Structure formats: C-alpha cells, structure tokens
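For reference, the structure discussed in these notes is given below.
The values are calculated or read from the model by the stated rules, or taken from the named source; none is laboratory data. These numbers were taken from a predicted model, which means no experiment stands behind them. Using ideal geometry, Cβ is built from the backbone for each residue, glycine included, and neighbour counts are taken over all protein chains shown.
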Amino acid sequence: MSLDDASQKPHDRLGRLLADDMGLVNTLIRERMASEHAPRIPEVTAHLVEAGGKRLRPMLTLATARMCGYVGEDHLRLAATVEFIHTATLLHDDVVDESGQRRGRPTANLLWDNKSSVLVGDYLFARSFQLMTETGSIRVLDILANASATIAEGEVLQMTAAQNLATDEEVYLKVIRGKTAALFAAACEVGGVIAGVPDAQVAALNAYGDALGISFQIVDDLLDYGGDASATGKNVGDDFRERKLTMPVIQAVAKADTAERAFWQRTIEKGRQEDGDLEQALALIAKHGTMDATREQAVLWADRAKAALDVFPDSDIRGMLVDLADYVVARVR
C-alpha cells in the first residue's frame with residue numbers, strides 16, 4: 001500500500017478499488033429511477049441519490065462479492081437494489097421525523113411535499129424488488145425481502161419506544177438492528193450468496209454487516225450530541241429535539257436522580273422543551289459519562305465486525321473491510 005493509499009479513509013480506498021463497478025451501479029441507478037409518466041420521481045430521487053452520500057451499503061455488496069471471488073453482473077443489480085432500499089427508507093424517515101435537512105441539504109419533503117416523498121419512496125421499493133428478482137435467486141430475494149420488512153419493523157418500534165423512558169439498551173439495540181444494521185447485514189450477505197461461498201462464510205458476512213451497522217448507528221447517535229454539523233449534515237441535538245431516546249440519553253436516564261428524571265420526562269416523554277434544555281441535556285450526559293460509555297459500545301461492536309471476517313483469507317478487500325470497522329468508531333475517538 002502506498003503512503004497516499006494509507007492516508008485515505010477506508011471507504012475512499014474501497015471506492016477507488018471498486019470505481020468501475022460503482023460507475024456501472026450508478027448508471028443502473030439512474031436508468032431505473034427514471035419514469036416515463038411521472039417526471040417528479042426522478043426529480044425527487046436524484047435530489048437524494050446525487051447528494052454526495054458515500055454509497056457505503058452498495059459498496060459493501062460489491063466488496064463482499066469480489067472478496068468471495070464472484071464473476072458476473074448480478075452484484076451490480078444487487079448493489080443498486082440496496083441503494084434503492086436505503087434511499088426509499090430515507091425518504092420515508094424524513095417524513096416521519098419531519099426533518100428539514102439531510103446530508104447538509106434540504107430534505108425532499110421540504111422541497112416538494114410529504115406525499116411526493118412517500119410515493120417516490122414506494123416507487124423505489126418497487127424498483128428494488130424488480131432488480132433483485134432479475135438475479136433469479138430466491139435466496140437473495142428472501143434475504144433482501146426480510147431486510148426490508150425488518151427495516152420497517154425497526155422504524156415502527158422506534159416510533160413507539162423513542163419517547164418512553166422505560167426504553168432500555170436492549171430495546172434500543174432492537175431498534176437500530178432493524179432500522180440500520182439489517183440492510184448492512186443483507187448488503188454483505190448477498191455478496192457471498194451470489195458468489196456461492198459456503199454457508200459459514202455467508203453467515204460471517206451477515207455477522208460482519210450486522211455488527212458494522214450497529215456500530216455505525218451508535219456512532220451516529222453519539223455524534224448527534226457532539227458532532228460537527230458541517231461534517232455530519234445534522235444539527236447537534238436533532239435527536240433531542242425530535243425526542244429520540246438513543247444510547248447516550250438511555251444511559252443518562254438510567255443513572256438519573258429524581259430531579260434529572262423529571263427533566264427527561266418533561267423534555268422527552270412530554271415534549272415540553274424550553275430554551276437551554278439542550279445544554280442541560282448535554283450537561284447531564286457529561287455528568288454521567290455516557291458519551292464515553294456509548295463510545296465503548298461502538299468499539300465493542302466494531303471489534304465483533306472485524307472478528308467475523310477471520311474466516312476469510314487475507315486480501316486487500318478484507319483488509320479494507322477491517323479498516324472500515326475501525327474508521328466507523330474513529331469518527332468519535
């Protein structure tokens with residue numbers, strides 16, 4: 001590895017390695033998000049798809065397929081499928097969360113309207129199923145269909161658990177395993193399935209994606225209370241304002257005294273937030289050291305992701321996937 005390569009972020013190195021395939025995936029995405037009869041569909045989709053995201057999930061499909069020795073074109077279809085599923089969930093999430101910013105830009109529901117975002121998200125889900133069936137693999141269809149159902153289930157669970165102070169870390173993990181890790185796991189798993197590797201390696205890819213996705217979401221939730229808005233595309237405290245119970249707050253609630261618990265009940269459960277409440281929340285999180293404790297959990301899951309790859313022989317891609325797990329948590333070290 002050259003010094004230039006070593007200084008690059010792991011997903012950038014993966015992007016360079018997979019550049020030709022990603023170019024074909026991007027072409028496929030643009031072709032399949034077109035609509036002859038409803039020009040708003042490509043308008044709304046392009047706003048999000050072309051927003052400069054890392055394309056991490058489709059990249060995982062391409063990377064795992066290549067690591068497993070796959071030769072063919074189905075990995076391109078599956079990578080596009082994964083990106084469509086992800087984009088559809090983002091469109092729906094922004095409506096549910098009433099978000100006004102995504103990746104540092106106005107959300108589609110803000111620029112157009114909620115109806116457009118929901119319906120275009122539905123269109124992308126339909127397109128994703130068309131793409132995955134083109135592989136002719138029932139096993140692939142089963143994995144991605146299950147992931148789609150799990151994502152929706154995780155979002156509904158979050159809606160019911162997010163503002164309930166009884167929500168504990170176990171429920172929180174169920175939420176993020178559904179809303180985030182399920183697609184990471186499926187994106188990795190299908191790469192091994194189409195390559196025809198043994199079941200033990202397919203299971204290892206699922207475990208890698210699951211653990212990576214959990215670590216990724218824990219870090220995202222951590223950055224909400226201490227990240228750089230220009231880097232994250234989110235404003236610090238968005239989760240607090242949206243009354244989402246994430247790990248830093250769940251742990252602070254668990255350690256709260258009577259007065260502190262009353263604060264969390266007012267701001268999170270009842271939604272009566274006042275000027276200065278975010279600063280008070282940050283002070284309580286700092287008092288109980290829950291940022292550090294949450295960071296330790298993210299590192300633990302990143303380590304599990306790396307360990308899952310032990311069943312694969314050494315290769316450049318395997319090394320990049322290991323580095324990717326380290327990078328996910330390096331954002332908050």
Pair list, Cβ under 6 Å, 6 or more apart: region 187-214 residue in contact (Cβ under 8 Å) with a residue 60 or more places away in the chain, other residue among the small types (Gly, Ala, Ser) and surrounded by fewer than 21 Cβ atoms within 10 Å (Cβ to Cβ): Ala195/Gly69
Extreme residue, nearest to Glu31 (Cα to Cα), among residues of region 64-76 that are surrounded by 24 or more Cβ atoms within 10 Å (Cβ to Cβ) and either basic (Lys, Arg) or out of contact with any Leu (no Cβ under 6 Å at 6 or more places or on another chain) (or both): Ala65
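Every residue, every condition in (1) hydrophobic (A, V, I, L, M, F, W, C); (2) closer than 23 Å to Thr61 by Cα, yes or no:
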| position | (1), (2) |
| --- | --- |
| Ser137 | no, yes |
| Thr167 | no, no |
| Val171 | yes, no |
| Val193 | yes, yes |
Subset of region 189-223 that is within 21 Å of Leu141 (Cβ to Cβ) and among the charged types (D, E, K, R) - its residue that is surrounded by the most Cβ atoms within 10 Å (Cβ to Cβ): Glu189
Residue pairs meeting the criteria (Cβ under 6 Å; at least 6 apart or on separate chains; first hydroxyl-bearing (Ser, Thr, Tyr), in region 225-241; second surrounded by fewer than 17 Cβ atoms within 10 Å (Cβ to Cβ) and modelled with pLDDT under 60): none
Some residue of region 240-261 being crowded, with 21+ Cβ neighbours inside 10 Å and among the aromatic types (Phe, Trp, Tyr): yes
Residues within region 69-86 that are under 10 Å from Ala187 (Cα atoms) and among the charged types (D, E, K, R), tallied: 1
Residue in region 264-278 that is under 21 Å from Arg13 (Cα atoms) and free of Cβ contacts under 8 Å to residues at least 12 places away in the same chain present: no
Of all residues in region 151-171 being touching a Gly at 6+ places or on another chain (Cβ under 9 Å) and assigned to a helix (DSSP H, G or I), the one that is nearest to Thr294 (Cα to Cα): Gln158
Filter pass, Gln163 being polar (S, T, N, Q), over 22 Å from Gly136 (Cβ atoms) and under 17 Å from the mean Cα position of the chain (by Cα): no
Residues being surrounded by 21 or more Cβ atoms within 10 Å (Cβ to Cβ), of a type in the set (S, T, N, Q), in contact with a Lys or Arg (Cβ under 8 Å, 6 or more places away or on another chain) and assigned to a helix (DSSP H, G or I) - total across region 128-150: 0
Scope region 314-326; condition closer than 9 Å to Ala302 by Cβ and surrounded by fewer than 19 Cβ atoms within 10 Å (Cβ to Cβ); matching residues: Asp326
Any helices (runs of 4 or more DSSP H) falling wholly within region 6-123 and containing at least 1 residues that are at pLDDT 80 or above and touching a strand residue (DSSP E or B) at 6+ places or on another chain (Cβ under 7 Å): 74-97
Of all residues in region 286-313 being part of a loop (DSSP other than H, G, I, E, B) and not hydrophobic (A, V, I, L, M, F, W, C), the one that is surrounded by the most Cβ atoms within 10 Å (Cβ to Cβ): His288
Residue count for region 226-248, restricted to those that are in contact with a helix residue (DSSP H, G or I) (Cβ under 7 Å, 6 or more places away or on another chain) and either at pLDDT 90 or above or of a type in the set (S, T, N, Q) (or both): 7
Meets criteria (at pLDDT 90 or above, small (Gly, Ala, Ser), out of contact with any His (no Cβ under 8 Å at 6 or more places or on another chain) and farther than 30 Å from Asp199 by Cα) for Ala161: no
